[in-house]
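A.B. asks: Let me give you the structure first, and then I'll get to my questions.
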Amino acid sequence: MPELPEIDTPFLLDFLTKLLNTPSPTGFAEAAVAFTELSLAAFPALKLSRTRKGALAATWRGDQEQGPRALTAHVDTLGGMVKEIKPGGRLKLSRIGGYIWNTIEGEGCTVFTRSGRQVRGSILLTKASSHVFGGDVGEMKRDEDTLEVRLDARTLSAAETRELGIGVGDFIAFDPRVELNAGFVRSRHLDDKACVAVLVAAVKALSDAGLKPARTTTLLISNYEEVGHGAAAGIPAEVEELLAVDMAAVGEGQSSDEFHASLCVKDSGGPYHHEMSNRLRALAEKYAIPYKVDIYPHYHSDGEVWWNTGADAAVALIGPGVDASHNYERTHTEALLATTRWVLAYLLEE
Ligand SMILES: [Zn+2]
């Protein structure tokens, strides 16, 4: 069997943990973009640039100039914004990204004020105490009116909350609660920070082995995916093929799991490029990469976003299986390594 360059697994997991611990709700992802930029700056073969929108592009000159390629993963995550300050001093939330309200109940969070102050808090039901509200706590529908941010600050009025520097439009990041156990990585926002880590680990593996991609390749670390327009800008027009790298949806009826990389052949945006998908399957088989083929029922990727801009190119999607996506997520190191190996095989393919 042909060999792929060795992956530095501790590096991958360390980078991923740090990235997960860097708050980056869509619209406020700069710290995570900058952290990724700093990590990629260690590889001088990559030419780094920023789009006007704030995304990071890294171009690596390949053995051949013709048929340039791109890969993309997104660093922005689900989150919230202060919708209003309630008369009692607590905050009403406006959602950033597509998640169900129940999935954030009880979570710790940080409010980022305009002046740069960080105020901690937690997301709770307006009727949270069972000693006070009894059965209502279980019966209430979770939505924007029944969930609120309780700040860890002495405030009982809107005026006191405003004195903390908090205002409408301030970003709110949810605690990722990163934990590495028995090979599992459990955290919010593995979508899609897991795949940013995969791309950075692939760059390091190739670079450590003294190799470079077969074709000139651009990596786009996009920063507006969760709201639907991440990769709309930033991929060079001459790129002929885009490999989107994003989490695979795990759950009942899905073939994806936490121990494999998945090839998504169809999602809510329709089928991906058949010929490119088949080449990826052939590459997985050539290098004995554990993979699944799947269809994601409620899912869109940055690959389709680029297609929707009118891009005339092949687009395919791979990624590690992530359990409980857009909730308290989990994957396994095996899936991260399988996806990294797949990316390496693709980068080296003539
Ligand atoms: Zn994603």
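The values are calculated or read from the model by the stated rules, or taken from the named source; none is laboratory data. This is a predicted model, so every value here is computed, not measured. No Cβ is skipped: glycine too gets one built from the backbone with ideal geometry, and neighbour counts run over all protein chains shown. Note: accessible area is taken over every heavy atom of the protein model, side chains too, but ligands, DNA and RNA are not part of it. Shrake-Rupley method; radii C 1.70, N 1.55, O 1.52, S 1.80 Å.
A.B. asks: Out of all the residues in region 299-326, which are away from the ligand (no atom under 13 Å from the Cβ), open to solvent by 40 Å² or more (accessible area, probe 1.4 Å) and touching a helix residue (DSSP H, G or I) at 6+ places or on another chain (Cβ under 8 Å)?
C.D. replies: Within region 299-326, Asn308, Thr309 meet the criteria.
A.B. asks: Applying the selection to region 223-267, what residues are touching a Ser or Thr at 6+ places or on another chain (Cβ under 6 Å), under 24 Å from Asp323 (Cβ atoms) and not aliphatic (A, V, I, L, M)?
C.D. replies: Result: Glu226, Gly230, Asp246, Ser256, Glu258, Ser262.
A.B. asks: Is at least one residue of region 83-99 over 24 Å from the mean Cα position of the chain (by Cα), buried (at least 20 other Cβ atoms within 10 Å of the Cβ) and at positive phi?
C.D. replies: For region 83-99, residues over 24 Å from the mean Cα position of the chain (by Cα), buried (at least 20 other Cβ atoms within 10 Å of the Cβ) and at positive phi: present.
A.B. asks: Here's something else I'd like to know. So the check is Cβ under 8 Å with 6+ separation or different chains; which pairs have a first residue in region 286-305 that's in contact (Cβ under 8 Å) with a residue 12 or more places away in the chain and a second one that's among the aliphatic types (A, V, I, L, M) and part of a loop (DSSP other than H, G, I, E, B)?
C.D. replies: Here the result reads Lys286/Met1; Tyr287/Met1; Tyr287/Leu4; Ala288/Met1, each pair linking region 286-305 to a residue that is among the aliphatic types (A, V, I, L, M) and part of a loop (DSSP other than H, G, I, E, B).
A.B. asks: Out of all the residues in region 214-248, which are away from the ligand (no atom under 15 Å from the Cβ), under 30 Å from Tyr328 (Cα atoms) and out of contact with any Lys or Arg (no Cβ under 9 Å at 6 or more places or on another chain)?
C.D. replies: The answer is Leu219, and nothing else.
A.B. asks: May I pose another question? Can you tell me which condition Ala194 does not meet? The list is (1) within 16 Å of the ligand (Cβ to nearest atom); (2) small (Gly, Ala, Ser); (3) assigned to a loop (DSSP other than H, G, I, E, B), and all the others hold.
C.D. replies: The failed condition is (3).
A.B. asks: In addition: Within region 135-189, considering only strands (runs of 3 or more DSSP E) that don't extend past its boundaries, which have at least 2 residues that are closer than 30 Å to Asp246 by Cα and open to solvent by 40 Å² or more (accessible area, probe 1.4 Å)?
C.D. replies: Here the list reads 179-181, 184-187.
A.B. asks: In contact with a Ser or Thr (Cβ under 7 Å, 6 or more places away or on another chain) and either hydroxyl-bearing (Ser, Thr, Tyr) or touching a residue at least 12 places away in the same chain (Cβ under 8 Å) (or both): which single residue out of Thr51, Thr113, Thr126 fits that description?
C.D. replies: Thr126
A.B. asks: From the list Pro23, Pro5, which one is closer than 25 Å to Gly230 by Cα, part of a loop (DSSP other than H, G, I, E, B) and touching a helix residue (DSSP H, G or I) at 6+ places or on another chain (Cβ under 8 Å)?
C.D. replies: Pro23
A.B. asks: Name the pairs whose Cβ atoms lie under 7 Å apart, with the first residue in region 208-237 and without any contact (Cβ under 8 Å) to a residue 12 or more places away in the chain, the second within 16 Å of the ligand (Cβ to nearest atom) and in a loop (DSSP other than H, G, I, E, B), and 6 or more positions between them or separate chains?
C.D. replies: Note: no pairs meet the criteria.
A.B. asks: Now for a separate question. If a residue has to be outside any helix (DSSP H, G or I), open to solvent by less than 10 Å² (accessible area, probe 1.4 Å) and away from the ligand (no atom under 13 Å from the Cβ) to count, how many in region 327-342 make the cut?
C.D. replies: Number of matching residues: 0.
A.B. asks: Looking only at region 267-312, which residues are farther than 21 Å from Tyr224 by Cα and among the hydrophobic types (A, V, I, L, M, F, W, C)?
C.D. replies: Met276, Leu280, Ala282, Leu283, Ala284, Ala288, Ile289, Val293, Ile295
Let's see how each residue does on (1) over 14 Å from the mean Cα position of the chain (by Cα); (2) within 27 Å of Trp60 (Cβ to Cβ):
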{"position": "Val293", "(1), (2)": "yes, no"}
{"position": "Tyr299", "(1), (2)": "no, no"}
{"position": "Asp312", "(1), (2)": "yes, yes"}
{"position": "Glu334", "(1), (2)": "yes, yes"}
{"position": "Thr339", "(1), (2)": "yes, yes"}
{"position": "Ala345", "(1), (2)": "yes, yes"}
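A.B. asks: Taking only pairs six or more apart or across chains, which ones have beta-carbon atoms under 6 Å, a first residue in region 30-48 that is closer than 20 Å to Tyr224 by Cα, and a second residue that is open to solvent by less than 20 Å² (accessible area, probe 1.4 Å) and not aliphatic (A, V, I, L, M)?
C.D. replies: Listed by first residue and then by second, the contacts come to Ala32/Ser24; Val33/Asn223.
A.B. asks: Before we move on, is Gly27 among the small types (Gly, Ala, Ser), open to solvent by less than 50 Å² (accessible area, probe 1.4 Å) and either without any contact (Cβ under 8 Å) to a residue 12 or more places away in the chain or within 16 Å of the ligand (Cβ to nearest atom) (or both)?
C.D. replies: Taking the combined requirement at face value, the residue satisfies it.
A.B. asks: A further question on this structure: Which of the residues that make up region 68-81 are open to solvent by 10 Å² or more (accessible area, probe 1.4 Å) and either assigned to a strand (DSSP E or B) or away from the ligand (no atom under 16 Å from the Cβ) (or both)?
C.D. replies: Residues satisfying the conditions are Pro68, Met81.
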